Ligand code: MG
Ligand code: ZN
């Protein structure tokens, strides 16, 4: 019974996600669903990304959060269009929420939308929102067992950002082992090491992103 209910919920979400995707495709906007645990550095990554790309790419952010608009306020400060979604305790974003949020953006004036999902390594990976691709951010302070403990999010994501790598010497994080686990779950997955706070690796990340934005603009995707 419960399995059937879950199937129906996911099915309805899939339909809305497909229609969102069509809307974004029509506008040639590359949409990234940015996932990761609380404190992994998703919002910090967005801040640095906006600073790096703001003269090259027309970028907007859809901010998912349980109750607050703290992250949206940080984005707004940088001058990027941002729409807040409060899930009121809900642990992931769904396609209907993103559909409503997108309604508040001027799609004709955008090349890239990054959706910051609710901080959670589990169900955000199950609910498509109409994105082109998903990305997962983990901080090495979370431990190197995260890929094997939360396989779906790594299987679903096109890229994994390993954040706070400058703290490696202070953490029991086996970099080689973690990368092996990721490669086993998702062969060929892109892995980018960053230390967002100091902007290490942010260039490589922005190059990854711009390649995709340009492909989508050219209709190549
Ligand atoms: Mg955040
Ligand atoms: Zn959830």
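Taken together, the values in this text are just the output of simple stated rules run on the coordinates, not laboratory data. Quick caveat: nothing in here was measured; it's all calculated off a predicted structure. In this analysis, Cβ positions are derived from the backbone assuming ideal geometry, glycine residues included, and neighbour counts consider all displayed protein chains.
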Point to revise | Ranked list, fewest to most other Cβ atoms within 10 Å of each Cβ, for 52, 170 | key: 170, 52
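At 4 °C and 1.567 mPa s, grab the translational diffusion coefficient of the stretch 33-146 from Stokes-Einstein with a Kirkwood Rh over Cα pairs, rounded to a whole number in µm² per second.
Numbers: Rh = 14.2 Å.
Once the numbers are plugged in, D ends up at 91 µm²/s.
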Point to revise | Helical mean residue ellipticity (222 nm; -39500 (n - 2.57) per DSSP H run of 4+; nearest 500) of the chain | key: -12500 deg cm²/dmol
Practice item. Could you line up 35, 175 from fewest to most neighbouring Cβ atoms inside 10 Å? Key: 175, 35
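Relative contact order (percent) for the stretch 22-168, with alpha-carbon contacts under 8 angstrom and 6 or more residues of separation?
33 percent
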**Study point:** Convex hull volume of the chain per residue (C-alpha atoms, cubic angstrom)
**Key:** 123 Å³
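Counting DSSP beta bridges with both partners in the chain, what percentage is antiparallel, nearest 5?
5 percent
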**Study point:** Residue order, fewest to most surrounding Cβ atoms within 10 angstrom, among 43, 68
**Key:** 68, 43
